[in-house]
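K.L.:
Structure provided below as structure tokens; questions to follow.
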Amino acid sequence: MGYLSADEYTLFGLEETTPDSLVNAASDLIDAHCRRNGFGIAQYTERFRVGPSRMVRLSYLPLASADGVSSPIVQARGRYSRKDQYSGYVTELAAEVAQVFATPSTWVSVSPSLLDLDALSGEVIVGGGVLSPSLGDLEVTYTAGYTSVPRAVKQACAKLVQNALATPALNVTKQRIDRMYLEYFSDSLVDADVKRLLAPYVAQRLAS
């Protein structure tokens, strides 16, 4: 499904006769560039290595809670750190506790009350006390997305179509234009203007 409906073509500077398949293929290119599977509200599951800061960052924004639910986090689980994973007195002491009460190779449920979530940035800080066993891995299932396609994404879709129509090497008169056909020309189609429009929507993964 394309990010522009037929009745929006002229609104965004396209001809009414623009092939729907070209708009759909441009929309697929946007998904690939933004590392997304659409812009609607969807559920994502990500797994992170948790460092000494105990902070990870969710990749897909904005976070969105399902109807009747107070938090976008659906569930979380983790694995405890090995004793030698981090150095330091507090970590060593916590690791000794973990050896008694937790198994490093076993995934356990993590209560949402232990996760301090910043809804704007997607940062998640794993809470815990001095003697709390440290989590080495965290898996978070959450919901994120938009109730409607952002206007900038629609503008980027129209610009991609215009770029395709202006590219002599592309035979845009074909009845069917698929994503693979446009991907070959993606370096020239996804120009600086398109990248600028899509910059706020590219999913970013924080390095561990």
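Here, each number is a calculation from the coordinates, and none is a lab measurement. Source: prediction; values computed, not measured. Note that we place each Cβ from the backbone using ideal geometry, even for glycine, and neighbour counts take in every protein chain shown.
K.L.:
Amide H of S134 versus every other amide H placed in the peptide plane: which residues, excluding those fewer than 5 positions away on the same chain, fall under 5 Å?
P.N.:
Amide H to amide H, under 5 Å and 5 or more residues apart or across chains, S134 pairs with S81.
K.L.:
Something else: Summing +1 for each Lys or Arg and -1 for each Asp or Glu, what net charge is found among the other residues whose Cβ lies under 14 Å from the Cβ of A6? Don't skip to the answer; put the middle values down first.
P.N.:
Details: positive: K154; negative: D7, E8, E15, E16, D20.
Summing Lys and Arg as +1 and Asp and Glu as -1 gives -4.
K.L.:
Sticking with this structure for a sec: Would you mind checking which residues have amide H under 5 Å from Y146's amide H? H placed 1.01 Å from N; only 5 or more apart, or other chain.
P.N.:
HN-HN under 5 Å from Y146: G40, I41.
K.L.:
For the pair S188 and A203, how long in nm is the line joining their label points, each one 7 Å along Cα→Cβ?
P.N.:
Going from the S188 label point to the A203 one covers 3.0 nm.
K.L.:
Across the range 145-161, in residue order, what do the Karplus-derived ³J(HN,Hα) couplings come to in whole Hz, using 6.51 cos²θ - 1.76 cosθ + 1.60 with θ = phi - 60° and x for Gly and Pro?
P.N.:
Per-residue couplings from phi come out as x, 10, 6, 8, 5, x, 4, 4, 5, 4, 4, 5, 5, 4, 5, 4, 5 Hz.
K.L.:
Given the peptides 116-127, 16-27, 69-80, arrange them by the average over their residues of other C-beta atoms within 10 Å, most packed first.
P.N.:
Working: 116-127: 15.2, 16-27: 19.1, 69-80: 17.3.
Packing proxy ranking, top to bottom: 16-27, 69-80, 116-127.
K.L.:
While we're here: So if each residue of separation counts as 0.36 nm, and I subtract the Cα-Cα distance between T141 and A166, what length gain in nm does that give? Numbers along the way, then the final one.
P.N.:
On the way: separation 25, 0.36 × 25 = 9.00 nm, distance 4.21 nm.
Result: 4.8 nm gained on full extension.
K.L.:
Using r as the Cβ-Cβ distance of L11 and S111, and R0 as 45 Å, what FRET efficiency do you calculate, to the nearest 0.05? Write out the running numbers ahead of the final one.
P.N.:
Working: r = 47 Å, r/R0 = 1.05.
Once the sixth-power term is evaluated, E becomes 0.40.
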